[in-house]
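A.B. asks: Please find one structure pasted underneath; my questions will follow.
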Amino acid sequence: VDQTYIMVKPDGVQRGLVGEIISRFEKKGFKLTGLKLTQCSKDLAEEHYKDLKGKSFFPGLIEYITSGPVVCMAWEGVGVVASARKLIGVTNPLEAEPGSIRGDLAIQKGRNVIHGSDSPESGKREVALWFKEGELVDWEPALASWLIE
Ligand code: GTP
Ligand code: MG
């Protein structure tokens, strides 16, 4: 089963969008296995975005992500990584489809309210990076048989 790391970025927390964003994933039917609010260190932010080191926007990105608390989530389900990217919308919110989180709720790349892992491998890596083992819960949703045949 795939897992993805979803994070409400500091602008999303400050703007009061946490409930709205969690709600979209809940309604879709994926399984939440981890959830916490944290203030991330510069080291953790740099490790998380290490593939982007060297980009001109990297220092600004690290400043943005460490500028306030973030809400960290792990979601599980077959196809969850690609589906979450669709729910989120493309990086530039002006180009993101209406109906997507970024398309509905954001304007700029540098304030695009949410992160989502870009592949099943990244999902695994990022969930392990942001959560300790004891913070993740394996559980059986009571509605599972109404969502998955
Ligand atoms: P994440 O889910 O956050 O990883 O976004 P993404 O996968 O859609 O984009 P990517 O991994 O390429 O970039 C990570 C983040 O860096 C983006 O979500 C933006 O917040 C930021 N970013 C990417 N490109 C730019 C850019 O050209 N300018 C600025 N200011 N920020 C950028
Ligand atoms: Mg990315």
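The values are calculated or read from the model by the stated rules, or taken from the named source; none is laboratory data. From a predicted model like this one, the values you see are computed outputs, not experimental measurements. Using ideal geometry, Cβ is built from the backbone for each residue, glycine included, and neighbour counts are taken over all protein chains shown. The area values use the complete protein model at the heavy-atom level, side chains included, leaving out ligands, DNA and RNA. Shrake-Rupley method; radii C 1.70, N 1.55, O 1.52, S 1.80 Å.
A.B. asks: May I ask you to evaluate 6.51 cos²θ - 1.76 cosθ + 1.60, the Karplus curve with θ = phi - 60°, for each residue of segment 19-33 and list the ³J(HN,Hα) values in order in whole Hz, giving x for glycine and proline?
C.D. replies: x, 4, 6, 4, 4, 5, 6, 4, 5, 4, x, 5, 9, 7, 10
A.B. asks: Report, to the nearest whole %, how much of the accessible area of the chain belongs to carbon and sulfur atoms, 1.4 Å probe, protein only.
C.D. replies: Working: 4580 of 8570 Å².
About 53 percent, which is the carbon plus sulfur part of the accessible surface.
A.B. asks: Let me ask you something else. Taking a probe of 1.4 Å, how large is the accessible area per residue of segment 11-89, in Å²? Write down the numbers at each step before the final one.
C.D. replies: On the way: 4130 Å² over 79 residues.
Result: 52 Å² of accessible area for each residue.
A.B. asks: Considering the convex hull of the alpha carbon atoms of the chain, report its projected area averaged over all viewing directions, in nm², one decimal. Write down the numbers at each step before the final one.
C.D. replies: Values: hull surface 34.9 nm².
For the chain, averaging the hull's shadow over all directions gives 8.7 nm².
A.B. asks: State, to one decimal in nm, how far the label point of Ser56 lies from the label point of Leu136, with both points 7 Å from Cα in the Cβ direction.
C.D. replies: The modelled label-to-label distance comes out at 3.8 nm.
A.B. asks: Provide the per-residue ³J(HN,Hα) series for segment 87-101, in order, calculated from phi with Karplus coefficients 6.51, -1.76, 1.60 and θ = phi - 60°, each as a whole number of Hz, with x at glycine and proline positions.
C.D. replies: Working through the residues one at a time gives 4, 6, x, 5, 3, 7, x, 5, 9, 6, 4, x, x, 7, 4 Hz.
A.B. asks: How many nm is it between the label spots at Glu121 and Lys28, if each spot is 7 Å from the Cα in line with the beta carbon?
C.D. replies: 2.2
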